[in-house]
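J.: The structure under discussion is supplied below as structure tokens; questions concerning it will follow.
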Amino acid sequence: MKVGVLCIGDELLKGAVINTNLAYMGQRLLEIGIMPELCLEVPDEPHDVVQALEYALQHADFIITSGGLGPTADDLTKQSIADYLHMPLELDPAAEKAVRDRWNSLKRGALPLNFLNQAYIPHGAKALLNSFGSAPGIYITTPASKRIVMLPGPPSELHPMFDNQLLPILKEQLDTRIYTRLFHISGVPESRVEERTIPIIQANPGLSVAYCAAPEFVKLFLKTTDPDCLAKAEKMVRAEFAPELLHDSSHTVAEEVILLLKERSAALALAESCTGGLIAKLMTDVPGSSEVFFGGVVSYANSAKQHLLGVSAGTLEKHGAVSAECAAEMLQGAAEQFGVPCAISVTGIAGPDGGTPEKPVGLVYIGVKCFDQVLVKEYRFRGSRAQVRERTAAVSLNTLRRMLLGEHLS
């Protein structure tokens with residue numbers, strides 16, 4: 001089955017909104033062994049929507065659209081596709097009830113006519129009710145046995161509808177059963193992951209492997225039509241990358257750190273400078289993190305480092321805020337202030353300005369304390385300001401992860 005994706009909305013082409021929907025759909029499709037044949041970003045114009053649909057139908061069997069299903073004047077996806085397929089819109093009773101219930105829950109008075117327009121569905125299509133918004137999705141089977149699923153654009157609506165309603169439909173249409181497995185390998189560059197995976201690929205004919213690098217890990221994706229091949233390859237991956245593999249239940253390094261802290265009945269505190277609270281965000285993105293993450297200090301100014309973390313004036317004067325000595329005192333200060341056995345400190349120059357020949361942009365000192373083990377280390381990260389901050393956060397959390405697993409680092 002060949003899948004095509006149409007992402008509809010002027011805001012995508014203007015750059016006003018980042019197309020996170022495509023990234024989400026691509027990842028979820030890959031998990032069931034589907035790589036989209038194409039993706040088109042299309043403005044909110046009926047002619048452009050129809051042209052894109054015609055092109056997609058020539059190259060794919062299953063078309064997914066996102067956006068353009070709401071109640072406003074520029075939401076033209078449904079009408080454009082219905083007109084193209086000669087499927088007049090009809091009021092769907094279940095969709096009408098859902099739309100009315102949604103409006104009543106918002107307590108905004110009388111229901112506007114344009115809001116009810118969302119309950120009109122092309123004749124012969126199926127409404128996919130939306131529990132997270134007002135616009136239903138739509139599932140169409142064309143006379144040529146092509147399939148089209150229209151989903152709303154807001155990620156908070158599209159993501160759960162994609163998982164709960166679209167994925168089951170896609171799985172029913174797969175002509176070959178695909179077996180997949182996803183691994184998260186932390187602390188290993190993508191090139192090295194690929195190199196170490198070569199013997200696994202050679203030992204398992206029919207195995208397809210894909211890699212995706214991120215600051216905190218490399219995603220390793222296995223795909224095959226043979227369940228025995230997958231089982232053998234999975235065993236080899238777990239043996240090869242045992243120290244670097246995240247737990248199956250962890251999708252981020254922060255999740256893994258929280259899991260390990262809970263296992264050891266420990267808690268964590270942070271002292272952040274150049275990351276500006278990014279590590280704290282990664283921790284608190286995880287539900288249940290409050291059990292083991294006690295808090296942190298974003299000590300951007302030297303005065304904050306002194307008054308909140310106990311960094312000495314002598315250290316700042318002699319070595320500067322970006323130094324191993326400052327990171328060590330920030331680390332100790334965080335652990336003491338919050339009364340925890342584990343702590344992370346970071347101080348550095350994220351750029352793009354502020355660097356000197358002695359202390360260039362990208363210079364970062366990371367301190368990690370895990371019970372009695374303390375490590376302060378210098379790093380030189382390349383890239384933009386955002387990349388330096390992301391890599392600092394990733395290395396910090398991965399270092400603590402390794403310590404919690406019992407490694408003695410130097």
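J.: Taking interchain pairs and intrachain pairs at least six residues apart, which have beta carbon atoms under 7 angstrom, with the first residue in segment 275-299 and of a type in the set (Ser, Thr, Tyr) and the second part of a loop (DSSP other than H, G, I, E, B)?
T.: Sorted first by the residue in segment 275-299, then by its partner, the pairs are Ser299/Ser273.
J.: When you go through Glu329, Glu336 one by one, which is the residue that is acidic (Asp, Glu) and either crowded, with 17+ Cβ neighbours inside 10 Å or touching a Pro at 6+ places or on another chain (Cβ under 7 Å) (or both)?
T.: So the residue among Glu329, Glu336 that is acidic (Asp, Glu) and either crowded, with 17+ Cβ neighbours inside 10 Å or touching a Pro at 6+ places or on another chain (Cβ under 7 Å) (or both) is Glu329.
J.: Please find, among Gly109, Gly133, the residue that is within 25 Å of Tyr24 (Cβ to Cβ), small (Gly, Ala, Ser) and out of contact with any His (no Cβ under 7 Å at 6 or more places or on another chain).
T.: Gly133
J.: Give segment 216-268 a look and list any residue that's surrounded by fewer than 14 Cβ atoms within 10 Å (Cβ to Cβ) and within 21 Å of the chain's Cα centre (by Cα), or say none.
T.: Selection gives His247, Asp248, Ser249.
J.: When you go through (1) closer than 23 Å to Val346 by Cβ; (2) of a type in the set (Val, Ile, Thr); (3) out of contact with any Lys or Arg (no Cβ under 7 Å at 6 or more places or on another chain); (4) open to solvent by less than 20 Å² (accessible area, probe 1.4 Å) one by one for Thr284, which number turns out not to apply?
T.: Against the list (1) closer than 23 Å to Val346 by Cβ; (2) of a type in the set (Val, Ile, Thr); (3) out of contact with any Lys or Arg (no Cβ under 7 Å at 6 or more places or on another chain); (4) open to solvent by less than 20 Å² (accessible area, probe 1.4 Å), Thr284 comes up short only on (4).
J.: State which residue is nearest to Lys171 (Cα to Cα) when the search covers only segment 17-35 and only residues that are assigned to a loop (DSSP other than H, G, I, E, B), open to solvent by 40 Å² or more (accessible area, probe 1.4 Å) and out of contact with any Asp or Glu (no Cβ under 6 Å at 6 or more places or on another chain).
T.: Checking each candidate, the answer is Met35.
J.: Report yes if Val237 is touching a helix residue (DSSP H, G or I) at 6+ places or on another chain (Cβ under 8 Å), farther than 25 Å from Arg389 by Cβ, in a helix (DSSP H, G or I) and of a type in the set (A, V, I, L, M), otherwise no.
T.: Criteria met by Val237.
J.: If you go through segment 63-72 one residue at a time, how many are surrounded by 24 or more Cβ atoms within 10 Å (Cβ to Cβ) and either more than 27 Å from Trp103 (Cα to Cα) or among the polar types (S, T, N, Q) (or both)?
T.: 3
For (1) over 22 Å from Val49 (Cβ atoms); (2) surrounded by fewer than 17 Cβ atoms within 10 Å (Cβ to Cβ); (3) modelled with pLDDT of 95 or more; (4) not basic (Lys, Arg), each residue gets a yes or a no:
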position: Asp74; (1), (2), (3), (4): no, yes, no, yes
position: Leu85; (1), (2), (3), (4): no, no, yes, yes
position: Ser105; (1), (2), (3), (4): yes, yes, no, yes
position: Tyr120; (1), (2), (3), (4): no, no, yes, yes
position: Leu128; (1), (2), (3), (4): no, no, yes, yes
position: Pro143; (1), (2), (3), (4): no, yes, no, yes
position: Val149; (1), (2), (3), (4): no, no, yes, yes
position: Pro152; (1), (2), (3), (4): no, no, yes, yes
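J.: Follow-up. Select from segment 1-16 the residues that are part of a helix (DSSP H, G or I) and over 16 Å from Leu158 (Cβ atoms) and write down the one among them that is most open to solvent (accessible area, probe 1.4 Å).
T.: The selected residue is Lys14.
J.: For Glu272, state whether it is crowded, with 20+ Cβ neighbours inside 10 Å, modelled with pLDDT under 95 and closer than 30 Å to Ala324 by Cβ.
T.: no
J.: Looking at segment 371-394, which of the residues that are touching a residue at least 60 places away in the same chain (Cβ under 8 Å) and surrounded by 15 or more Cβ atoms within 10 Å (Cβ to Cβ) is nearest to Ala269 (Cα to Cα)?
T.: Ala393
J.: Scan (1) in contact with a Leu (Cβ under 9 Å, 6 or more places away or on another chain); (2) more than 24 Å from Ile169 (Cα to Cα); (3) crowded, with 17+ Cβ neighbours inside 10 Å; (4) not aromatic (Phe, Trp, Tyr) for the single condition Arg100 breaks and write down its number.
T.: In the conditions (1) in contact with a Leu (Cβ under 9 Å, 6 or more places away or on another chain); (2) more than 24 Å from Ile169 (Cα to Cα); (3) crowded, with 17+ Cβ neighbours inside 10 Å; (4) not aromatic (Phe, Trp, Tyr), Arg100 misses (3) alone.
J.: Gln51: free of Cβ contacts under 8 Å to residues at least 24 places away in the same chain, open to solvent by 30 Å² or more (accessible area, probe 1.4 Å), touching a Lys or Arg at 6+ places or on another chain (Cβ under 9 Å) and not small (Gly, Ala, Ser), yes or no?
T.: Criteria not met by Gln51.
The values are calculated or read from the model by the stated rules, or taken from the named source; none is laboratory data. Bear in mind the structure is a predicted one, so any value in this text is a computation, not a measurement. A quick note on method: Cβ atoms are made from the backbone with ideal geometry, for glycine too, and the neighbour counts reach across all protein chains shown. Note: accessible area is taken over every heavy atom of the protein model, side chains too, but ligands, DNA and RNA are not part of it. Shrake-Rupley method; radii C 1.70, N 1.55, O 1.52, S 1.80 Å.
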